[in-house]
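Trainee: Just passing along the structure, written as C-alpha cells.
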Amino acid sequence: MKVLKFGGTSIGTAENILRIKKIIENQKEPVIIVISALHGVTDQLIELCTHAAAKDKNFFRLYNEIEIKHLEAIKALFEEPMLTEVQSRINSYLKELSNIINGVYLLNDITPKIQDKVLSFGEIMASHIISKVIENGEMIDAKGLIRTNSNFGHATVNMPLSYRLIRSFFKNYKKTAVIPGFIASNDKGETTTLGRGGSDYTASLITAALDIPRMEIWTDVDGFMTADPKKVKKAFAIESLSFAEAMELSHFGAEVIYTPTIHPAYQKNIEIAIRNTFNPEAPGTLISKESKVTGDTLIKGISSMDEIDLITLMGPGMVGVQGISSRLFSTLAENNINIILITQASSEYTITFAINPADTDKAIKALEHQFESEIKLRNELVIRLERELSIIAIVGERMKNTPGISANLFASLGRNGISVIATAQGSSELNISIVIKKDILIKALNVIHEGFFLSHYKELHLFIAGIGNVGGSLLNQVRSQHETLLKDHHLKINVIGISDVKKMLMNPNGFDLKSYRDELERMGEKSDFDLFVQKMKYLNLRNSVFVDCTADASIPQRYTSILGSFVSIVTANKIACSSEYKLYKELKKTAREKNVKFIFETNVGAGLPIISTINDLIRSGDKIIRLEAVLSGTLNFIFNTISETVPLSKAIEMAKEKGFSEPDPRIDLSGIDVKRKLLILSRESGYEFEDSDITVKPFLPKECFEGSLDNFWTTVQKYDAVFEERRRQLVTENKKMRFVARLDHGKATIELTEVNHMHPAYPLEGSNNIILITTDRYHEQPMVIRGYGAGADVTAAGVFADIIRVANV
C-alpha cells in the first residue's frame, strides 16, 4: 500500500489530470490518493468569500470562473453517459456553494466556520472528478476520517482519534480511495480545515495511521530545491533530506511541503518522496530520518521568506529584570501571533523577533498594552518596528561542529554589499538565519547559493564602457573563452551592460556576444554615463564588475561612487590613477573598505604583470629603489621602425594604423602617456607623487603639439630629416633611441635616451616594453620584465586577466 498526494498544479487542467491517471496506473501496489483543489481554486474561493462579505458584486464573476473551470475540465475528460453523471454531481456542489456564498453576501459578513465550509468545495469537487477518471476509484469523505478541534481555519488534529477512524475505515477496504485533502471535521461534524497546504498533512496522517512505510507528494518541481528556482536560476534538486532539515526549510519558506506534514512521518519513521508530476522520471527528494551525504557541500538548502516585519523591545528596563521575556512571549501567544525568528542581545538590552506583517499591528498594540508602565510612565522600554524585510535560512545537519560556515556566509554577503540586520542560530547548528532588506533578497540568495554550492559555477556580471579597439577585442576574447572558462574554471561571464560613444544598453539576461553590436544599434538608447551607472546600481547584481576600456577623462570621476556600490572595477583607463593623488588614494581606500577590487594592471605595460609584481614585492617587505623602463610600446615601435625608407612621420602614421598609439598620437609623442604610467608606478612604489613631480624632456619641438591634428601631420614631416640623420649616427655607434622613464631614489624623469648594445633595452623589438626593477633584494641584478606593451589584443587580454582575478577572490 502507498499514499499518493497530488497538489493543485498537478491537476490544473484536464491534460494534467490525465498525467496523474497514468502515474496512478503505473503503480505496482494498491494506492490511496489524496487530492488538492484544482490549481488556483482555493485562492479564488478565498477571494470569493472576501468579495461576498464586503457586498462586492464581483463575487458573481469569481463564482462563474470557478464553475467554468470545473465544467470545462469535465467536458474534456468524460464522454456520455459518465459526462452527465459527473456534471450532475459537480453542479450539485456548485449549487450548494452558491447558496452559502449568497447568504454571506446578504449578511455582509463571514465567519471562519463558514469560510472553512466554502473552502472545502475545492478539494471535494476535484476529488470527485479524479475518482471518476481512475479505475475503481471512489471519493471518500475526509470529514469522517480526520477529527480536529474547532479552531476554524487552522484546526488542531486529534491524532489518536483520527488514527482509529482511519484504521477502522480501511480495515477491509478494496477500492482505490480518493480523499479530499485539507478537510476535516470537529466533534459536531462541522467542516474544519488544516491550514493552507493541509492536503500534504492529510496524506501524512493517513500514511501514519495505516503504518505505511512511504508516501509520495506529487507537485510541479523535481523535489526540494537548493533554493527557490524562481529567484536562483542555478538551483537544483536535493537528493535527500532528514526530517529536521525538511522542517527547517519548510518553516522558512520552502513551499514544497506543508511543515506539519513532517510530524506524523517523523513519529512513524515514514519516508516522504517529493516527485514531479511533469517529470515522473526524475528521482525527486527523499525525506527520511537520516539524509544521504552527497558531495562536499555542507549545507543542504537555502530557503527564504519574502516579507517579514522585525519588532524589537529594547531599553534599560530589560537588563537584569526577570519575567520580561515571559511577559513578551505570553502576550504574543495569547494573541495567536506566530514568531518566525528570535534573537536576543547577551546584554539583555534587546529582544528582537520576526513575524508575519499581517500580525504586526496586533502585536504592537498588545505589547504597548502589556508594557504600558515601562514605556509611558518609567520611559524604560521602547518598541522599534522595521518593515520591508526578508529572512534567509541556510540549512544542513553537516554544519554542526564545522568551522567557517558563518564566516563563508557573511564574507560572501559582505563582498556584495549586503548588510545583515539580524541573525539567529540554535545550538543544534542545523540552521543559520539572517534578516536582510527585502529589495536585495534575490541578490543575497544568489550570492549565498554561489558561495556554498561550489560544485557548479560562479558568475560575473560585466558592465563595459567602450567597445572600440580594446573593448571590442575584450568581448571577442570573452566570447571565444566562454566554454573553456565554464568547463575548466567553473566561471560564467555575463555581459549585462554596454556603453559606447553614441549608445548604451542594459540586458539583465546577458548579451549574445555574437551579435551585441547589432543589439546595441537596434535597441540602445543615447549614451549617458550617469544613467548607465544608475541602471547598473539599480540592477544590483552579485559579483558585478565595471570595465572601463575608454580613455574618457570624465568616467573615472564616477569610480568612487561605483566602488561604493560594491561593484569592482577593472580599468585600462589611466586617468584615475594618474590624476590627483587624493583621488588615487580615495579609490584604493574605498575598494578596501567595501571589500571589492580596483584593478588597473593594464595601465602600464598592457598585459605585462608590472604593477602586480611591484605590489607583491612591497607586500613581502621589499623596497623599490630604482625603476628604469621603456613604457611606450608606441614610441618603441616608432624608433624601431624609422629607417632610410621609413621617416619619422611615416612611422608615427604606421603606429596609429596598427592601433599602437592613442587616437591622437601626440599624447604618446609628448610623453604624456609615459608620464601617466611612471606616475602610477611611482605611487604603487610608495611615493606620494603628483603630476608635477615628474620631469619630461620632449623630443619634438612645441610647434608639433599646437593646433589641430591635421596641422600636426604637416608639421612633424619637417623633422623627418633630423631624426634620420640622428639614426644614421647612432647606427655607426651601435646605439639605438629609447624613450626611457626613470624613478631613482625619489626622482622621476622621462627623456629620449641613446642606449648601447649592452643595455637591456637595446634589443627591444617592435612595440615591446621593458622595466628594470631595482630593490633591496634585487640590488646587484635588477628584476627584468619584458614583452608586448601595446596593441588592442594584448591590452584586452590583460583586462580579461584582471577580470578573472576579480572572480578568484
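The values are calculated or read from the model by the stated rules, or taken from the named source; none is laboratory data. On a predicted model such as this, the values are computed, not experimentally measured, just so you know. Reconstructed Cβ throughout: ideal geometry from the backbone, glycine too, with neighbour counts over all protein chains shown. Just so you know, the surface numbers come from the protein's heavy atoms only, side chains and all, with ligands and any DNA or RNA stripped out. Shrake-Rupley method; radii C 1.70, N 1.55, O 1.52, S 1.80 Å.
Trainee: Given an 8 Å cut-off on Cα distances and at least 6 residues of separation, report the relative contact order of region 460-595 as a percent.
Mentor: Rounded, it is 24 percent for region 460-595.
Trainee: When the accessible area of region 550-635 is computed with all protein chains present and a 1.4 Å probe, what percentage of it is carbon and sulfur?
Mentor: Ligands and nucleic acids excluded, carbon and sulfur reach 49 percent.
Trainee: Counting only protein chains, not ligands or nucleic acids, how are Arg517, Arg738 ordered by accessible area (probe 1.4 Å), most first?
Mentor: Arg517, Arg738
Trainee: For region 47-97, which whole percent of the accessible surface, found with a 1.4 angstrom probe, sits on carbon and sulfur atoms?
Mentor: Roughly 52 percent of what the probe reaches on region 47-97 is carbon or sulfur.
Trainee: Lys and Arg at +1, Asp and Glu at -1: add these up for the other residues within a Cβ distance under 10 Å of Leu563 and post the number.
Mentor: With Lys, Arg at +1 and Asp, Glu at -1, the neighbours total +4.
Trainee: Over the chain, what is the mean sequence separation of C-alpha contacts under 8 Å (at least six apart), divided by residue count, expressed as relative contact order in percent?
Mentor: 8
Trainee: Over what distance in Å are the Cα centres of region 727-797 and region 661-699 separated?
Mentor: Region 727-797 and region 661-699 have Cα centres spaced 15 Å from each other.
Trainee: Spelling out what I want: for every residue of region 212-228, take phi, set θ = phi - 60°, compute 6.51 cos²θ - 1.76 cosθ + 1.60 (Karplus), and round to whole Hz; glycine and proline get x.
Mentor: 7, x, 8, 10, 10, 10, 9, 9, 10, 10, 6, x, 5, 9, 4, 6, 5
Trainee: Taking 0.36 nm per intervening residue step and subtracting the Cα-Cα distance, what contour gain separates Lys585 from Ser419 on full extension?
Mentor: 57.2 nm
Trainee: Using Cα positions and a limit of under 24 Å, work out the lysines in reach of Lys55, with same-chain residues fewer than 8 apart set aside.
Mentor: Lys69, Lys95, Lys113, Lys117
Trainee: So what's the back-of-envelope 222 nm ellipticity for the chain, counting only DSSP H runs of four-plus at -39500 (n - 2.57) apiece and dividing by all residues, rounded to 500?
Mentor: -12500 deg cm²/dmol
Trainee: Give me the percent of Cα-Cα pairs in the chain that sit more than 40 Å apart, rounded to a whole number.
Mentor: 54
Trainee: How much of the accessible area of region 155-302, probe 1.4 Å, is carbon plus sulfur, in whole percent?
Mentor: Answer for region 155-302: carbon and sulfur cover 50 percent of the accessible area.
Trainee: Let me ask something additional. So, for region 635-733, what is the accessible surface per residue at a probe of 1.4 Å, expressed in square angstrom?
Mentor: That works out to 49 Å² for each residue.
Trainee: Could I ask something else about it? At 1.4 Å probe radius, can you tell me the per residue accessible area of region 339-390 in Å²?
Mentor: Heavy-atom accessible area per residue stands at 58 Å².
Trainee: Find the Cα radius of gyration of region 18-94, compare it with 2.2 N^0.38 Å by division, and give the number to two decimals.
Mentor: 1.38
Trainee: Let me ask another. In what sequence, largest accessible area first, do Lys113, Lys28, Lys171, Lys75 appear using a 1.4 Å probe?
Mentor: Largest to smallest exposure gives the sequence Lys28, Lys171, Lys75, Lys113.
Trainee: Now a separate question. Can you list residues whose amide H is under 5 Å from Thr156's amide H, if they're 5+ apart or on another chain and H is modeled 1.01 Å from N?
Mentor: The answer is Asn149, Asn151.
Trainee: Turning to a different aspect of this structure: Would you tally the net charge around Gly633, using a Cβ to Cβ cut-off of less than 11 Å, leaving Gly633 out, and scoring K and R as +1, D and E as -1?
Mentor: So the environment of Gly633 carries a net charge of -1.
Trainee: Shifting gears a bit: In what order, largest first, do Phe353, Phe637 sit by accessible area if the probe radius is 1.4 Å?
Mentor: Phe637, Phe353
Trainee: Over region 123-277, what relative contact order in percent results from Cα pairs under 8 Å that are six or more residues apart?
Mentor: For region 123-277, the relative contact order is 22 percent.
Trainee: Quick check for you: with a 1.4 Å probe and neighbouring chains kept, what is the accessible area per residue of region 84-199, in Å²?
Mentor: Per-residue value: 45 Å².
Trainee: To the nearest 20 Debye, how big is the dipole of the chain about its Cα centre, given +1 on the beta carbon of each Lys and Arg and -1 on that of each Asp and Glu?
Mentor: 840
Trainee: For a quick check: with amide H placed at 1.01 Å from N, whose amide H comes under 5 Å from Phe598's, ignoring anything fewer than 5 positions away on the same chain?
Mentor: Ile569
Trainee: Too long at a 18 Å Cα-Cα cut-off: which of Lys438/Lys594; Lys143/Lys188; Lys230/Lys537?
Mentor: The answer is Lys438/Lys594; Lys230/Lys537.
Trainee: Right, next: Using a 1.4 angstrom probe and counting only protein chains, how large is the accessible area of Ser88 in Å², to 10?
Mentor: Estimated to the nearest 10 Å², Ser88 gives 70 Å².
Trainee: So how far, in whole Å, is the C-alpha centre of region 110-134 from the one of region 560-614?
Mentor: Computed from Cα coordinates, the inter-centre distance equals 64 Å.
Trainee: Taking the Cα centre of region 53-190 as the origin, how large is its charge dipole in debye, to the nearest 20, when only Lys and Arg (+1) and Asp and Glu (-1) carry charge on their Cβ atoms?
Mentor: 460
Trainee: Amide H to amide H under 5 Å from Lys503: which residues, 5+ apart in sequence or cross-chain, H placed 1.01 Å off N in plane?
Mentor: Ser527
Trainee: Here is a follow-up. How large is ³J(HN,Hα) for each residue in region 79-84, as worked out from phi by the Karplus curve 6.51 cos²θ - 1.76 cosθ + 1.60 (θ = phi - 60°), to whole Hz, x for Gly and Pro?
Mentor: 10, 5, x, 5, 4, 5
Trainee: Another question, then. What's the local net charge at Ile24, with K and R +1, D and E -1, over the other residues with C-beta under 14 Å away?
Mentor: Computed value for this residue: +4.
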